[in-house]
1. Name the residue, out of Phe7, Phe24, Phe72, Phe20, that is touching a Lys or Arg at 6+ places or on another chain (Cβ under 6 Å) and either at pLDDT 95 or above or open to solvent by 10 Å² or more (accessible area, probe 1.4 Å) (or both).
2. Is it true that Ala277 is under 30 Å from the mean Cα position of the chain (by Cα) and of a type outside the set (S, T, N, Q)?
3. Would it be correct to say that Asp178 is outside any helix (DSSP H, G or I), of a type outside the set (Phe, Trp, Tyr), within 16 Å of the ligand (Cβ to nearest atom) and not assigned by TED's automatic domain parsing to the domain that holds Thr315?
4. Going through Ile229, Ile212 one at a time, which residue ends up being buried (at least 24 other Cβ atoms within 10 Å of the Cβ) and among the aliphatic types (A, V, I, L, M)?
5. Is it true that Arg280 is open to solvent by 10 Å² or more (accessible area, probe 1.4 Å), out of contact with any His (no Cβ under 8 Å at 6 or more places or on another chain), within 16 Å of the ligand (Cβ to nearest atom) and among the basic types (Lys, Arg)?
6. So, Ala355, is that one over 19 Å from Ala394 (Cα atoms) and modelled with pLDDT under 95 or not?
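The values are calculated or read from the model by the stated rules, or taken from the named source; none is laboratory data. These figures come from a predicted structure and were not determined experimentally. When we count neighbours, we look across all protein chains shown, and the Cβ atoms used for this are built from the backbone with ideal geometry, even at glycine. Heads up: the accessible areas ignore ligands, DNA and RNA and are worked out on the full protein's heavy atoms, side chains in. Shrake-Rupley method; radii C 1.70, N 1.55, O 1.52, S 1.80 Å.
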Amino acid sequence: MRDIAHFVNGQALVGTSGRFGDVFNPNTGEVQARVQFATDAELDAAVQAAAKAQIGWAATNPQRRARVMFEFKRLIERDMNSLAEILSSEHGKVIADSKGDIQRGLEVIEFACGIPHILKGEYTEGAGPGIDIYSMRQPLGVVAGITPFNFPAMIPMWMFGIAIAVGNSFILKPSEKDPTVPVKLAELMMEAGAPEGVLNVIHGDKSAVDAILNHPDIKAVSFVGSSDIAHYVYQTGTANGKRVQAMGGAKNHGIVLPDADMDQVVKDISGAAFGSAGERCMALPVVVPVGKHTADDLRERMVAEIATLKVGVSTDADAHYGPVVSAAHRNKIADYIRLGQEEGAELVVDGRDFALQGYEKGFFIGPSLFDGVKVGMKTYQEEIFGPVLQIVRAETLEDAMALPSQHQYGNGVAIFTRNGRAAREFASRVNVGMVGINVPIPVPVAYHTFGGWKRSAFGDTNQHGVEGVKFYTKVKTVTARWPEGDVGDSSFVIPTMK
Ligand code: NAD
């Protein structure tokens with residue numbers, strides 16, 4: 001059995017806890033490796049290595065740091081195929097989607113290549129007589145990221161790409177379900193020229209997360225995962241005096257107005273609801289058609305579209321999506337489908353009986369469709385995170401807009417319409433962090449910023465873009481006076497700019 005070790009100070013660190021997590025191949029259901037879980041002492045060793053490396057790294061000029069990022073980008077592109085294969089074999093998403101996962105992370109690295117420009121700071125000449133003021137952004141020191149299973153390449157790069165480019169060193173605690181690609185990324189950062197200790201990977205579960213949250217030398221923690229844990233991380237980390245951003249779960253709605261291009265809508269919603277087996281925080285698991293005619297038409301077309309979907313092993317180039325990440329997760333999704341029926345929703349398509357010949361032990365589940373889903377249902381209120389699409393019918397745009405606006409989650413939302421005025425009004429008023437207009441998965445590009453509202457994010461800075469730079473830096477403002485002639489008398493009054 002292959003053991004996956006930690007990566008500290010530029011090399012593998014073999015764990016001593018005797019605690020491990022199983023890493024499955026979701027296609028076959030077999031355990032393909034086990035990942036070592038860290039002790040507090042192993043995390044501390046990573047922090048010490050990171051703290052030592054950070055001093056020289058912060059003093060390295062920004063252009064040289066950017067060059068490491070350029071080289072890292074080249075190396076990832078060189079290894080794209082093998083990284084995608086590993087990612088797919090541990091997560092279960094198809095190869096093309098695995099490449100997309102890596103590519104979306106690389107786009108943040110491309111943003112980080114421009115860090116010298118972004119770190120230039122601000123300057124005011126002549127703020128007073130002989131007085132100039134300048135402000136600069138300085139790194140925090142050692143920072144940490146805790147990431148979910150569903151984007152094992154993109155989300156670590158969201159975090160360490162920017163954190164390291166601005167001069168921090170980084171401890172990554174990836175998901176224990178698919179930890180190999182995060183370690184490969186750290187190895188590639190070393191190959192790209194990052195000094196040893198600048199990027200370290202520590203594996204584990206709650207105990208490693210708690211060790212991070214309690215370590216006095218970790219200045220900031222970025223978390224992405226489910227909401228209850230995000231909330232816990234936010235509360236514990238901030239109580240310990242750390243800067244914390246913690247992204248949580250989601251239940252994104254797609255509003256369909258009667259004038260929408262229905263051929264396109266059906267394709268868009270199908271991809272957004274069932275792609276990656278629905279295991280995306282920007283998936284679209286709820287569709288809200290406005291008016292009975294729109295709802296009946298959409299339902300009929302969705303049933304036909306679902307019949308064309310191919311569920312297959314993650315290496316099957318024709319498969320639309322592969323298995324979910326674990327047997328436990330597949331069972332949880334099946335339980336939600338049973339609950340939906342018990343709550344009185346109509347199960348139009350039932351994916352629970354799907355089995356793939358030759359892969360009977362794989363974690364597969366077919367696509368499911370519910371109609372007649374109502375606001376009070378638990379299956380509507382909670383995140384299912386599987387290939388399950390729920391139709392919630394609305395009479396008017398106002399009724400439709402109230403649904404995502406009042407939902408506990410507020411990550412993404414989409415509206416499908418040809419009416420620019422309605423779309424503009426919707427985008428302005430809906431109580432959700434990221435909005436798509438005829439765009440089903442409105443994940444902002446790297447130089448904008450990613451973050452939801454309500455229970456989808458705790459803390460007030462988003463991931464990547466300029467917000468990411470703000471999260472991983474602190475501002476220092478210098479007021480300098482070079483007076484001409486004599487210095488005046490002491491003043492006991494606060495200086496003002498009269
Ligand atoms: P998860 O919350 O189970 O795990 C996330 C991280 O927390 C992992 O590193 C895990 O090891 C750690 N962890 C697990 N249990 C813990 C505990 N009790 N205490 C402390 N840490 C713990 O999430 P997941 O299942 O890996 O990922 C799916 C979830 O992530 C979904 O809810 C999805 O919506 C969310 N997600 C959100 C975003 C976003 O940007 N808002 C992006 C991707 C995924």
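1. Just one listed residue meets the conditions, Phe20.
2. In short, yes.
3. yes
4. Step by step, each of Ile229, Ile212 is checked, and only Ile212 is buried (at least 24 other Cβ atoms within 10 Å of the Cβ) and among the aliphatic types (A, V, I, L, M).
5. Yes.
6. Considered against the rule, which asks whether it is over 19 Å from Ala394 (Cα atoms) and modelled with pLDDT under 95, Ala355 comes out as yes.
Conditions tested, residue by residue: (1) over 16 Å from Leu389 (Cβ atoms); (2) assigned by TED's automatic domain parsing to the domain that holds Asn411; (3) within 16 Å of the ligand (Cβ to nearest atom).
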{"residue": "Pro289", "(1), (2), (3)": "no, yes, no"}
{"residue": "Ala304", "(1), (2), (3)": "no, yes, no"}
{"residue": "Lys310", "(1), (2), (3)": "yes, yes, no"}
{"residue": "Ala319", "(1), (2), (3)": "yes, yes, no"}
{"residue": "Ser326", "(1), (2), (3)": "yes, yes, yes"}
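To keep it simple, each residue is scored yes or no on (1) more than 9 Å from the ligand (Cβ to nearest atom); (2) more than 15 Å from the chain's Cα centre (by Cα).
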{"residue": "Asp228", "(1), (2)": "no, yes"}
{"residue": "His231", "(1), (2)": "yes, yes"}
{"residue": "Gln235", "(1), (2)": "yes, yes"}
{"residue": "Ala239", "(1), (2)": "yes, yes"}
{"residue": "Gln245", "(1), (2)": "yes, no"}
{"residue": "Asn252", "(1), (2)": "yes, no"}
{"residue": "Val265", "(1), (2)": "yes, yes"}
